[in-house]
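Beneath this line is the structure, given in structure tokens, with notes to follow.
The values are calculated or read from the model by the stated rules, or taken from the named source; none is laboratory data. As the structure is a computational prediction, the values presented were derived from the model and not from experiment. Cβ atoms come from the backbone with ideal geometry, glycine included; neighbour counts cover every protein chain shown.
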């Protein structure tokens, strides 16, 4: 991440903390990230679009869904020509808030959509293990065949069929080497 994005994320974090709105601002940052796409990026990076026009679009798009300080923060990004860093800033900001609020992200990979009841069981188990609130982010990975793989803080818990097959393959190769190597 760039140092510029870090400074802006830190500034937004300080405002959120001062206003006692960390959770609210995290939701708003996620809203901005979810609406961020190629056309959004192209519009806000276009040199021919004035700062005023960019602010008008931000106002129309977010006035009713984000706090006025949060909206003003986005105006500052436009004024300082840093709106192109908004994705990086929001991700860094969410990370800082999650750390403060003791929230960990758990990426759950499975070959197909997991049932809500299963997601809740996974969440409860991870919350007990990590002594933190867990936010589940589901990802489909059809190469897993069956089972799931969970990644939290760069720790991998892999109970997928793909991992079992790979482990079996490694064990068999070790045995073959041992048999022929002795």
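Residue count for region 124-139 under the criterion of being closer than 18 Å to residue 112 by Cβ and surrounded by 13 or more Cβ atoms within 10 Å (Cβ to Cβ): the result is 2. Taking residues in region 19-42 that are closer than 16 Å to residue 96 by Cβ, and partners anywhere that are surrounded by fewer than 14 Cβ atoms within 10 Å (Cβ to Cβ), the pairs with Cβ atoms closer than 9 Å and at least 6 places apart or on different chains are 22/100; 22/101; 23/101; 25/19; 26/101; 28/65. Would you confirm whether any residue within region 72-79 is at pLDDT below 90, touching a helix residue (DSSP H, G or I) at 6+ places or on another chain (Cβ under 9 Å), at negative phi and buried (at least 18 other Cβ atoms within 10 Å of the Cβ)? Scanning region 72-79, I find no residue that is at pLDDT below 90, touching a helix residue (DSSP H, G or I) at 6+ places or on another chain (Cβ under 9 Å), at negative phi and buried (at least 18 other Cβ atoms within 10 Å of the Cβ), so the answer is no.
In region 132-162, how many residues are touching a residue at least 24 places away in the same chain (Cβ under 8 Å) and under 13 Å from residue 104 (Cβ atoms)? Final tally of qualifying residues: 10. Given the structure, is residue 19 more than 21 Å from residue 60 (Cβ to Cβ), at pLDDT 95 or above and surrounded by 12 or more Cβ atoms within 10 Å (Cβ to Cβ)? The answer is no for residue 19. Looking across 37, 6, 116, one residue alone is closer than 25 Å to residue 152 by Cβ and exposed (fewer than 14 other Cβ atoms within 10 Å of the Cβ). It is 116.
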